[in-house]
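Worksheet: one structure, shown below.
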Amino acid sequence: MKKIIIHSVPIGVSFTGLEIFCHTLNPIMVRGPEFLKFYLMMLLGFYISVFCLKPFRENDSATSLYFMLFIFMMGVVKLIRGISIDRPVGILFSILVAEIIVFVIFMSTDFKHKIK
């Protein structure tokens, strides 16, 4: 339960900022720069929350994995929407590639801990 609360705080803060600055709760309909601000705020907040769990001796869990997949899938949906309406999506694509790299690192360290 503690992990869900800690991981949902950055997502809640990101959606609150989206409501305050863009007057909507639908991140897919937000234009490019505003979406990138929202997405980076959510992504950085999530990874900070992951590092905040380390002092509590909490290991990486399925909860962290599900939140990572939620954030990644939101970026993929926005990428597909941007491509379909013929907008430049290079920065978002770069962010998603970096997320894939972090996800692979996350999974490899998790796999190493399960082997031990």
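Conditions (1) at pLDDT below 90; (2) outside any helix (DSSP H, G or I); (3) open to solvent by 40 Å² or more (accessible area, probe 1.4 Å); (4) touching a Cys at 6+ places or on another chain (Cβ under 6 Å), marked per residue:
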| site | (1), (2), (3), (4) |
| --- | --- |
| ILE4 | yes, no, yes, no |
| SER8 | yes, no, yes, no |
| LEU44 | no, no, yes, no |
| VAL50 | yes, no, no, no |
| LEU53 | yes, no, no, no |
| GLU58 | yes, yes, yes, no |
| ARG81 | no, no, yes, no |
| SER94 | no, no, yes, no |
| GLU99 | no, no, no, no |
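Inside the range 16-28, can you point out the residues that are in a helix (DSSP H, G or I) and either open to solvent by 50 Å² or more (accessible area, probe 1.4 Å) or touching a residue at least 24 places away in the same chain (Cβ under 8 Å) (or both)?
Scanning the range 16-28 gives THR16, GLY17, GLU19, ILE20, PHE21.
I need a count of the residues in the range 29-42 that are open to solvent by less than 20 Å² (accessible area, probe 1.4 Å) and within 15 Å of PHE72 (Cα to Cα).
Counting residues in the range 29-42 that are open to solvent by less than 20 Å² (accessible area, probe 1.4 Å) and within 15 Å of PHE72 (Cα to Cα) gives 4.
Just one of the numbered conditions (1) touching a residue at least 12 places away in the same chain (Cβ under 8 Å); (2) more than 17 Å from PHE103 (Cα to Cα) is not true of PRO55; which one?
Against the list (1) touching a residue at least 12 places away in the same chain (Cβ under 8 Å); (2) more than 17 Å from PHE103 (Cα to Cα), PRO55 comes up short only on (1).
How many residues does the range 65-102 hold that are closer than 18 Å to LYS54 by Cβ and not β-branched (Val, Ile, Thr)?
Counting residues in the range 65-102 that are closer than 18 Å to LYS54 by Cβ and not β-branched (Val, Ile, Thr) gives 3.
The values are calculated or read from the model by the stated rules, or taken from the named source; none is laboratory data. Because the structure is a prediction, the values reported are computed rather than measured. Cβ: placed from backbone, ideal geometry, glycine included. Neighbour counts: every protein chain shown. Ligands, DNA and RNA are excluded from the accessible area calculation, which covers all protein heavy atoms including side chains. Shrake-Rupley method; radii C 1.70, N 1.55, O 1.52, S 1.80 Å.
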